1. Suppose we filter Ala159, Ala183, Ala163, Ala212 for residues that are of a type in the set (Gly, Ala, Ser) and closer than 17 Å to Leu29 by Cβ; which single one remains?
2. Looking at the stretch 238-254, is at least one residue farther than 19 Å from Phe36 by Cα, assigned to a loop (DSSP other than H, G, I, E, B), free of Cβ contacts under 8 Å to residues at least 60 places away in the same chain and open to solvent by less than 70 Å² (accessible area, probe 1.4 Å)?
3. Can you find, within the stretch 213-224, the residue that is farthest from Ala42 (Cα to Cα) among those that are open to solvent by less than 30 Å² (accessible area, probe 1.4 Å) and assigned to a strand (DSSP E or B)?
4. Which one of these is over 12 Å from the mean Cα position of the chain (by Cα) and of a type outside the set (A, V, I, L, M): Thr216, Thr206?
5. In the stretch 192-212, what residues are within 24 Å of Gln136 (Cα to Cα) and assigned to a loop (DSSP other than H, G, I, E, B)?
6. Please note which strands (runs of 3 or more DSSP E) are completely contained in the stretch 1-60 and include at least 2 residues that are open to solvent by 10 Å² or more (accessible area, probe 1.4 Å) and at negative phi.
7. Please work out if Glu175 is of a type in the set (Asp, Glu) and in contact with an Asp or Glu (Cβ under 9 Å, 6 or more places away or on another chain).
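The values are calculated or read from the model by the stated rules, or taken from the named source; none is laboratory data. Since the model is a prediction, treat every value here as computed from it, not as a measurement. Virtual Cβ from ideal backbone geometry, glycine too; neighbours counted across all protein chains shown. Accessible surface areas use protein heavy atoms only, side chains included; no ligands, DNA or RNA. Shrake-Rupley method; radii C 1.70, N 1.55, O 1.52, S 1.80 Å.
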Amino acid sequence: MGKLLEVKNLTKKYCEGATESKVVNAVNLTVNEKEFVMIMGASGSGKTSLLHLIAGIDNFDAGNIYYKNEDLGKMKEKEKALFRRSDIGIVFQQKCLIPDLTVYENIMFPMMLNKRKNGKNAEKVRKEVILKLCRQFGLENHVTKYPFQLSGGQQQRTAILRAIINKPPLLLCDEPTGSLNSAHTDIVMKLLHVLNKQGQTIILVTHDIKVAVKGTRVVYIKDGSIIGEFKFPESNQDNLSQSEIERIREDELIKFLKKRGW
């Protein structure tokens, strides 16, 4: 797997009067292609701020972010917008769907913004791609519905498909299951797991241990700094069920987190 993202000594400061605080403090992080990286930490630890810096939504004060060896800090605002449109997919805790558009239209929206040129059959190509995804992830009966007609899980699946419709190499997810019940959380995480198995690189912020164990690696942040990383060990799991594997992973992750003040 090649290196997709490299963060070096990244720092973001906020000032309130004479008080200065570093919401992201000298962070170093490397993410390889096809990884599923979970970012954990207490509320206010800097998880979302780090995600926003990686996405180019916010500017940083020091350090570097390299995406495919390109320095994001040297991009102009218009270049950052194009970068987010073509190379980054973003999923937030609040689904941020456009209420006046159907499921189909919400998913298609980034394709229209990106002005992808599929020749004279562009509309047909878009329709085939979108309907294929909706069938694959259980939304085929909801394509003409509006967001208010969907469950929370259906809304979040729509948001995820919208985020990946332009096939961005990197998908950033900020607490995508934070407002969902356990059943809808499982459905959304199965979708993300399938996407990762298909080669999608994902960075996901979460407070939920049951969500975190579905990743390949956990990065723990405290007070804006990474204070530890945990990679799930490879073991002989042929005779274990998925629930048993996840229970073992939970136990190992909890030990790691408790040592860091979780």
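1. On the way: Ala159 fails: closer than 17 Å to Leu29 by Cβ; Ala183 fails: closer than 17 Å to Leu29 by Cβ; Ala163 fails: closer than 17 Å to Leu29 by Cβ.
Testing whether each residue is of a type in the set (Gly, Ala, Ser) and closer than 17 Å to Leu29 by Cβ leaves just Ala212.
2. For the stretch 238-254, residues farther than 19 Å from Phe36 by Cα, assigned to a loop (DSSP other than H, G, I, E, B), free of Cβ contacts under 8 Å to residues at least 60 places away in the same chain and open to solvent by less than 70 Å² (accessible area, probe 1.4 Å): present.
3. Here is the first cut: in the stretch 213-224, the residues open to solvent by less than 30 Å² (accessible area, probe 1.4 Å) are 213, 215, 217-221, 224.
Keeping just the survivors that are assigned to a strand (DSSP E or B) gives 217-221.
Numbers: Arg217: 18, Val218: 14, Val219: 12, Tyr220: 9, Ile221: 8 Å.
Among those residues, the one meeting the criterion is Arg217.
4. On the way: Thr206 fails: over 12 Å from the mean Cα position of the chain (by Cα).
None of the others qualify; the one that does is Thr216.
5. Gln198, Gly199, Gln200, listed by residue number.
6. Numbers: elements: 3-16, 19-32, 36-40.
Here the list reads 3-16, 19-32.
7. On the way: of a type in the set (Asp, Glu): yes; in contact with an Asp or Glu (Cβ under 9 Å, 6 or more places away or on another chain): yes.
For Glu175, the condition - of a type in the set (Asp, Glu) and in contact with an Asp or Glu (Cβ under 9 Å, 6 or more places away or on another chain) - is met.
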